[in-house]
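Heads up: the structure comes next, in structure tokens.
What follows is calculated from the coordinates using simple rules that are stated; it is not laboratory data. Please read all numbers here as calculations on a predicted model, not as lab measurements. Reconstructed Cβ throughout: ideal geometry from the backbone, glycine too, with neighbour counts over all protein chains shown.
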Amino acid sequence: MRKKIVAGNWKMNNDLAETEVFLVELKKQVFPENVVIMIAPSFTNLNHAFKSLREHNVELAAQNMHQNNEGAFTGEISAKMLKSVGVKTVILGHSERRAIFHEDSAILAEKVNTALENEMTVIFCIGEELEDRKKGSHFELIKKQLSEGLFHISDDAWDNIVIAYEPVWAIGTGETASPEQAQEMHKFIREIIAENYSKAIADNVSILYGGSVKPDNATEIFGQDDVDGGLIGGASLKVDSFMKIINSF
Ligand code: PGA
């Protein structure tokens with residue numbers, strides 16, 4: 001059975017002291033047993049968060065990593081470095097990485113390979129811009145992002161893949177896809193995975209929705225058949241709203 005996951009993508013927010021305040025509060029919470037909970041703090045806070053959460057049922061994810069295992073790449077972080085501080089999951093292909101840092105599908109495919117070689121789980125983000133949706137080319141675009149970035153992996157590798165569908169027009173804008181729009185796209189994603197791999201693989205992969213998920217819309221979005229949870233930005237920065245979302249299943 002596929003996992004239900006709620007992952008908090010903190011982006012470039014929360015310094016060490018703010019992270020500590022969040023963690024102290026988070027550790028007081030009781031978590032539902034059927035939901036995998038993750039947070040993705042900045043690189044500088046991952047080791048602290050790992051040590052702090054060791055006895056707790058909260059996993060850690062990095063927000064990015066480099067495609068090479070080591071070398072002269074000033075300012076970059078490798079899979080090995082992440083694993084050495086207790087991180088086993090990495091978010092790849094977030095729309096901010098694609099748009100602001102020019103990460104294209106070729107780079108993302110390399111990053112996926114490196115993460116898988118290092119036995120990490122990948123949360124692979126895909127999503128269309130508003131223009132694509134207005135033109136009606138959003139399904140084509142999503143198919144392209146999946147084919148170019150992910151569809152080279154082996155059948156077995158799918159055990160370590162989570163997909164996050166995040167329409168770019170809904171990220172940080174307060175505008176969410178309607179539950180119907182989310183379901184329609186998640187179903188489509190599952191169908192093309194089935195076409196390219198198998199129904200069993202498609203049925204097993206968790207597909208998260210991201211883009212302005214808040215406590216007041218999470219229940220409806222998570223209630224859709226093909227939505228297995230969320231990748232949460234702004235609303236994951238406060239324990240109260242993050243917990244309300246976690247408890248929305
Ligand atoms: P948001 O961000 O929840 O603030 O819209 C989601 C994301 O970028 O992962």
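Data overview
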{"quantity": "Selection status of Glu175, surrounded by fewer than 21 Cβ atoms within 10 Å (Cβ to Cβ) and touching a Ser or Thr at 6+ places or on another chain (Cβ under 7 Å)", "calculated": "yes"}
{"quantity": "Test: residue in region 225-239 that is over 20 Å from Ala7 (Cα atoms) and part of a loop (DSSP other than H, G, I, E, B)", "calculated": "no"}
{"quantity": "Of all residues making up region 23-64, the number that are surrounded by 19 or more Cβ atoms within 10 Å (Cβ to Cβ) and more than 21 Å from Ile5 (Cα to Cα)", "calculated": "1"}
{"quantity": "Within region 84-109, tally of residues that are of a type outside the set (Ser, Thr, Tyr), surrounded by fewer than 15 Cβ atoms within 10 Å (Cβ to Cβ) and more than 15 Å from the ligand (Cβ to nearest atom)", "calculated": "3"}
{"quantity": "Complete set of residues in region 90-109 that are without any contact (Cβ under 8 Å) to a residue 60 or more places away in the chain and outside any helix (DSSP H, G or I)", "calculated": "Val90, Leu92, Gly93, Phe101, His102, Glu103, Asp104"}
{"quantity": "Selection status of Leu231, more than 17 Å from Leu150 (Cα to Cα), out of contact with any Ser or Thr (no Cβ under 9 Å at 6 or more places or on another chain), among the aliphatic types (A, V, I, L, M) and within 13 Å of the ligand (Cβ to nearest atom)", "calculated": "yes"}
{"quantity": "Check on Glu148, charged (D, E, K, R), more than 18 Å from Val112 (Cα to Cα) and in contact with a helix residue (DSSP H, G or I) (Cβ under 9 Å, 6 or more places away or on another chain)", "calculated": "no"}
